1. Among DSSP beta bridges whose residues both lie in the chain, state the antiparallel percentage, nearest 5.
2. Remind me, relative contact order of the chain in percent, using alpha carbon pairs under 8 angstrom and six or more residues apart?
3. Please report, largest first and rounded to whole Å, the three semi-axes of the ellipsoid equivalent to region 122-229, where each semi-axis is the square root of five times an eigenvalue of the C-alpha gyration tensor.
4. What is the Cα radius of gyration of the chain over 2.2 N^0.38 Å, N being its residue count?
5. Taking a ≥ b ≥ c as the square roots of the Cα gyration tensor eigenvalues, with a/c under 1.5 meaning rounded and otherwise prolate when a/b beats b/c, else oblate, which class fits region 35-112?
6. Neighbour counts of other C-beta atoms within 10 Å: give me Cys18, Cys138 arranged from fewest to most.
7. Might you list the cysteines of the chain that have no disulfide-compatible partner by the rule of another cysteine's Cβ under 4.7 Å?
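Every read-out reported here was derived from the displayed coordinates using simple, explicitly stated rules and does not represent laboratory data. All values derive from a computational prediction rather than experimental measurement. Note that we place each Cβ from the backbone using ideal geometry, even for glycine, and neighbour counts take in every protein chain shown.
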Amino acid sequence: MTTSVTAQGAVSPPCPVCGRDETASFASVDGRDYWRCPGCAARFLDPRQHPARAEEYAAYLTHDNDPHDPRYRRFLSKLADPLLDRLPHHARGLDYGCGPGPALAAMLREAGHEVALYDPFFAPDPAPLADTYDFVTCTETAEHFHRPAEEFTRLRDLVRRGGWLALMTCFQTDDARFAGWHYRKDPTHVVFYREETFHHLAQAWGWTCEVPEKDVALMRRPAARDASA
């Protein structure tokens, strides 16, 4: 494995998260080039090196996300528990990027909430995307977004006033360890977020953002009518 600054003279792509035009070369690892955004602090793979859809799907089929696995449920409880503490009774939600084993949706339903499903590979019916919800969850999904700005705009618009967007992804914290980071080594992971990335998005939307657990961001849309939210 080799790690170096990306080739000088390479054209800087805009940030796929916040849209900033000027981004900086970050690293080259195993033939993959990464950039960083000085605005929202995201790190991302050069879009020209994104995996093909068939490659993504093949990788997702190897994931073992059994909704009845107690270890998997404990992992998801990092997001589920703080979200449940904030939801009203009988809320309506959407699990965005639910995967083949929608364990989080099952956990939230068991707590008395209604949860619709959407996943571009495993639950591709677009009908749930025409509605709005009291909460939208997105767990271990945002790191796969090829066009995160578009995806986050969609997620934002799915949340009703006063509602929650709950995200879980492994936050990138240590540039010095990026090359050997397990999260980077997954070929379907193409964008990496820092805690400040979600605060940046929330501020741009006029929302609030809190981080109740490591790798979990809870973003809330204001209940009061506001043109910016």
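1. Among the beta bridges of the chain, antiparallel pairing accounts for roughly 60 percent.
2. Reported as a whole number, the value is 17 percent.
3. Semi-axis lengths for region 122-229 are 25, 17, 11 Å.
4. Dividing the Cα Rg of the chain by 2.2 N^0.38 Å gives 1.01.
5. oblate
6. In order of increasing Cβ crowding within 10 Å: Cys18, Cys138.
7. For the chain, the answer is Cys98, Cys138, Cys170, Cys209, because their Cβ atoms have no other cysteine Cβ under 4.7 Å.
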